[in-house]
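Below is one structure, written out as structure tokens; the observations come after it.
The values are calculated or read from the model by the stated rules, or taken from the named source; none is laboratory data. Model, not experiment: these values are computed from the prediction. Here the Cβ is made from the backbone with ideal geometry for all residues, glycine too, and neighbour counts use every protein chain on show.
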Amino acid sequence: MKIIEELIERKSELGYTNEMISEKSGVPLSTVNKIFGRQTAKPRYNTLQSLHCVLFPEIHSRKESSIYKDISENLSLDYSGSVSEGAALQEYHPETPEDGYKGQIEKVLSWKKQGEYTIQDWLDLPDGLHMELIDGRLYDRNTPTTKHQFIAGELYAELRSALRSEKKGHKDCRVFIAPASVQPDMADDRNGYIPDVFIVCDKKKYKEGEMIKGAPDFVAEVLSPSTEKYDRGSKLNKYWQSGVREYWIIDISEEQVCVYEFGKGVPPAVYSFDNQIPLGISEGRITIDFKSIADYMHESFD
């Protein structure tokens, strides 16, 4: 793969050892050894991203970099993700298609052509359809796994507790969890999201109680196969452009959290689930003990 050869060449230029790369990226040393030993033909997309963050930090720190347009372009990937644009219609098998979940989605997608939907169309969706509007296209949020919901719920609980106890500077900050919805840019009527967990510190954005109107201060997305492509690509770009200050991408399979602090001119930081992770928008006053969350997850699911 072209991307692996780029990483190997860059590693040699910097004089990094596999141990150094593993420590900086949070990728297990055994995985790093296999990738740089050319023993792995197609590493995970997010593993490549973590390694790229370490070896090309100057690219990830520039706003004009294509990471803010499409992460796959920045990594020069020569293979595509497994999620198709028709994912919204997959994995639903109701007994009566006309009245079931798939039938509802098909009716909605018959309103217009994909790419032409607006925020008003999104708001007019039937109750119970949790779809996201991405660049004028409607995508169904497939039912998440229990582990996905567990991580999102634990993070929500940790943030809620911290914000309620840490009043200084956070008087109006509130934490929300899916399926609460957000229109991150009020001037853009082609994007509306349902983030897994997010914080809003401007009361005007949430006081109406229907939909968050404007960019949250903090967003966390827990990756799943049906959403990873967008969480790492177009949604990352839109969060940055709309004014989100901090964005966490939580990868359960790799047990990593990639933290973007937009506007600070720094590359994304990659933490393992063993870390204490500072909440950037709190300026160091709040830290999330992800090891505690991970230990509780393993206790529950392993």
Can you run down the residue pairs with Cβ atoms below 8 Å, 6 or more apart or on separate chains, where the first is in the stretch 17-31 and in contact (Cβ under 8 Å) with a residue 60 or more places away in the chain and the partner is of a type in the set (Gly, Ala, Ser)? 25/50; 26/50; 26/272; 27/50
Restricting attention to helices (runs of 4 or more DSSP H) lying wholly within the stretch 102-219, give those where 2 or more residues are free of Cβ contacts under 8 Å to residues at least 40 places away in the same chain. 146-165, 203-206
Test: residue in the stretch 259-274 that is in contact with a Gly (Cβ under 7 Å, 6 or more places away or on another chain), within 18 Å of residue 218 (Cβ to Cβ) and not in a strand (DSSP E or B): no
Scan the stretch 93-133 for residues that are in contact with a Leu (Cβ under 9 Å, 6 or more places away or on another chain) and either at pLDDT below 65 or on the phi > 0 side of the Ramachandran plot (or both) and jot them down. 101
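If the requirement is being over 15 Å from the mean Cα position of the chain (by Cα) and farther than 19 Å from residue 287 by Cα, which of these qualifies: 212, 194, 252?
Going through 212, 194, 252 in turn, just one is over 15 Å from the mean Cα position of the chain (by Cα) and farther than 19 Å from residue 287 by Cα: 212.
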Considering only the stretch 278-294, state which residues are in a strand (DSSP E or B) and crowded, with 20+ Cβ neighbours inside 10 Å. 288
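Yes/no matrix, rows are residues, columns are (1) touching a Phe, Trp or Tyr at 6+ places or on another chain (Cβ under 9 Å); (2) surrounded by fewer than 21 Cβ atoms within 10 Å (Cβ to Cβ); (3) not β-branched (Val, Ile, Thr):
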| position | (1), (2), (3) |
| --- | --- |
| 165 | no, yes, yes |
| 177 | yes, yes, no |
| 185 | no, yes, yes |
| 200 | yes, no, no |
| 203 | no, yes, yes |
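For every residue, the table says whether it meets (1) at pLDDT 50 or above; (2) assigned by TED's automatic domain parsing to the domain that holds residue 290; (3) surrounded by 16 or more Cβ atoms within 10 Å (Cβ to Cβ).
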| position | (1), (2), (3) |
| --- | --- |
| 15 | yes, no, no |
| 18 | yes, no, yes |
| 27 | yes, no, yes |
| 33 | yes, no, no |
| 37 | yes, no, no |
| 41 | yes, no, no |
| 55 | yes, no, yes |
| 79 | no, no, no |
| 91 | no, no, no |
Return the residues of the stretch 250-264 that are surrounded by 23 or more Cβ atoms within 10 Å (Cβ to Cβ) and touching a residue at least 40 places away in the same chain (Cβ under 8 Å); say none if nothing qualifies. 250, 251, 256, 258
Suppose the filter is under 26 Å from residue 251 (Cβ atoms) and not acidic (Asp, Glu); does residue 110 pass it? no
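Could you please find all residues in the stretch 220-244 being hydrophobic (A, V, I, L, M, F, W, C) and either outside any helix (DSSP H, G or I) or surrounded by fewer than 23 Cβ atoms within 10 Å (Cβ to Cβ) (or both)?
Listed by number, the residues that qualify are 220, 222, 223, 240, 244.
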